[in-house]
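Read the structure below first, then the notes.
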Amino acid sequence: MIYDELLRVSETKEDENKWKVKYGLIEYLKFDYPSRSDTVKKTLELNLVRENLLMHPLPKELKKISLDIGCATGRYVQYFARNGFYACGYDINDCAIRVCKKKTADMKNVKIVKKNILEVPIEHEKYSIVTSMMGTFNHIERQARGNFLEWVMGSLVKNGLFIVSLWNSECSYVSYLQFYTREEREYLAKNSITCNKFVEILKKSGFTVIDIKNFGYLPDICYEDWMGELKTEDIIKIDNNLRLSLKPRNSQMLLFLSIKY
């Protein structure tokens, strides 16, 4: 199995850095074998990414090089690699890097690196797409957000896309991911940002926001109860219909598509 070797690896000291939510191997195993509600959120997120890229395709002259910041177990690295990109993934966690490398070992167009972009120089105009998914941005301390977005802006090519998802601070029943501890949930809640505020800082960093989608309109208990009975496409249809009926504050997450002109 892919994790046999990983389970024999002794614990390593985590980096001291600006990312406050710490993951170990057990957390990454849970991330790869998630609860039903976590699975739904990841499915809805990936579906919206696919839809956005169909509606806003990259200019043909751009080289297809992607970077997923906070790549975890490599979900988006694998997605972009399978769609013709040279796909890079950065994470600050040793366990994440080991898992991701194992899962992408047979892919030649993949590069996985342990790296904290808050501590390294900008990779000037290298990537045509940069992603930061499943609320990774919520982990960043407020005083470091400008530096994070400055790095992304500088590392994107002209007409490159930045895709990012956030937990919705205006949702009364947002529950994050199931494997978070109470303390981690409290930190993410405290560190959340409203949709309007995020748009404001994206624009301040030079991005043009071209699409915002709310998703995850149901409480987790609904996803837990229904996921075993409904097909993936049914869950997507339900969420799309709720988007037309409910206000944005009723979604657990938001997805932003921005461009560097």
Subject >> Selection within the range 224-261 - surrounded by fewer than 13 Cβ atoms within 10 Å (Cβ to Cβ) and closer than 25 Å to Thr136 by Cα >> reply: Lys247, Tyr261
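Answer with yes or no whether Gln178 is within 18 Å of the chain's Cα centre (by Cα), over 21 Å from Asp68 (Cα atoms), at pLDDT 95 or above and not acidic (Asp, Glu).
no
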**OP:** Tally the residues that are assigned to a loop (DSSP other than H, G, I, E, B) and among the basic types (Lys, Arg), restricting the search to the range 120-161.
**Re:** 1
Original post:
Which residue out of Arg182, Arg145 is of a type in the set (Lys, Arg), under 20 Å from Ile117 (Cα atoms) and either without any contact (Cβ under 8 Å) to a residue 12 or more places away in the chain or crowded, with 16+ Cβ neighbours inside 10 Å (or both)?
Top reply: Arg145
Original post:
Picking from Ile112, Ile122, which residue would you name as being surrounded by fewer than 20 Cβ atoms within 10 Å (Cβ to Cβ), at pLDDT 95 or above and under 27 Å from Ile259 (Cβ atoms)?
Top reply: Ile122
**OP:** Any residue in the range 227-250 that's over 14 Å from Leu48 (Cα atoms) and modelled with pLDDT of 95 or more: show its pairings with residues that are among the aromatic types (Phe, Trp, Tyr) and assigned to a loop (DSSP other than H, G, I, E, B) at Cβ separation under 6 Å, as long as the two are six or more apart or on different chains.
**Re:** Leu242/Tyr217; Leu246/Tyr217; Asn250/Tyr217
Original post:
In the range 11-106, which helices (runs of 4 or more DSSP H) lie fully inside it and hold 2 or more residues that are among the polar types (S, T, N, Q), over 19 Å from Ile140 (Cα atoms) and modelled with pLDDT of 90 or more?
Top reply: 36-55
Original post:
Is it true that some residue in the range 235-248 is at positive phi and not in a helix (DSSP H, G or I)?
Top reply: no
Original post:
Just checking, which of Val209, Val199 is touching a helix residue (DSSP H, G or I) at 6+ places or on another chain (Cβ under 6 Å) and either at pLDDT 95 or above or in a strand (DSSP E or B) (or both)?
Top reply: Val209
Original post:
Hey, Val157 hits all of (1) over 20 Å from Pro57 (Cα atoms); (2) in contact (Cβ under 8 Å) with a residue 24 or more places away in the chain; (3) not polar (S, T, N, Q) but one; which does it fall short on?
Top reply: (1)
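The values are calculated or read from the model by the stated rules, or taken from the named source; none is laboratory data. Given the structure is predicted, the values throughout are model-derived calculations rather than measurements. Cβ atoms come from the backbone with ideal geometry, glycine included; neighbour counts cover every protein chain shown.
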